[in-house]
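Where a number appears in this text, it was derived from the coordinates with a stated rule and is not lab data. It should be emphasised that the depicted structure is a prediction, and the values quoted were computed from it without experimental measurement. Because the Cβ atoms are built from the backbone with ideal geometry, glycine has one as well, and the counts that use them run over all protein chains shown.
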Amino acid sequence: MPEQSLNRDEFLDQAFKKDELQCILEEYKSLRAEAQARMGHRVTLLTSSTATAGVLLGLALNILNSNTTNARYSTEILLLVPLTTSLFGLLTTYHTALIYDMADYLKLLEIRVNRVYPLVMGWYASSNGSQFPKIFWIWHLPMMLITLAPSTVAVLLFFLCDPTWNAQTLVLFVIDSILLFYFVTEYLSKVWKRKTYRHETTRKWATQMHERGLLPDDRFVAYGAGLLESAPNKRKLKR
């Protein structure tokens with residue numbers, strides 16, 4: 001009887017692990033699909049931003065070279081370039097930040113699976129989230145320049161055209177300045193200088209995994225750098 005009870009418990013434990021693994025894998029596949037979809041949306045936004053800026057710049061230069069009475073509208077068209085590229089840039093930043101948040105959560109899912117089935121998964125778990133600030137020149141700078149370069153060219157052309165300031169150009173210039181500043185600060189804070197486990201859901205789940213012994217101390221410290229600054233867990237981590 002005790003042996004039969006032990007076999008039954010082992011069977012139930014294995015069945016529970018299989019069901020748990022299946023749930024984790026389903027969530028993993030769902031998040032991976034969403035992250036890939038957002039990557040596609042990001043490419044579409046970057047392409048649309050470049051195309052829109054090119055069309056507006058080309059239209060403005062064409063009007064300027066035509067020497068017609070409509071030449072004064074070219075300055076207003078030029079000021080539309082920073083406005084549109086900034087909006088595209090903010091949407092791109094939003095998708096990029098969410099992709100990184102999903103990567104943090106997927107990393108935890110892989111660590112959870114590897115604790116039960118060693119070396120089964122490793123794409124996210126083997127990566128180091130702190131590497132993102134180190135690739136500024138080959139990733140973050142080009143991403144920012146897609147927004148900032150056309151905007152800078154448009155503003156320079158605007159001033160070179162010796163514009164006549166009126167209510168429309170003044171309002172557009174103020175809006176452009178605010179949006180460009182907002183884009184730069186959002187990108188630097190949420191993408192380039194982002195914190196590991198910045199999303200609240202991921203922070204909570206990482207803490208629960210660590211408390212239950214599912215996330216080793218070295219992994220918790222290495223991947224949970226952002227947790228060190230969270231008030232509820234600060235004292236616990238110091239201990």
Calculated FRET efficiency, Ala51 and Thr201, Cβ-Cβ r, R0 35 Å, to nearest 0.05?
0.50
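Hey, fewest Cβ within 10 Å first, where do Tyr100, Tyr117, Tyr182 land in order?
Values: Tyr100 18, Tyr117 10, Tyr182 14.
Lowest count first: Tyr117, Tyr182, Tyr100.
Quick one: order Lys190, Lys18 by neighbouring beta-carbon count within 10 Å, fewest to most.
Numbers: Lys190 18, Lys18 10.
By the 10 Å Cβ count, ascending, the order reads Lys18, Lys190.
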Highest average packing first - 165-171, 78-84, Cβ atoms within 10 Å:
78-84, 165-171
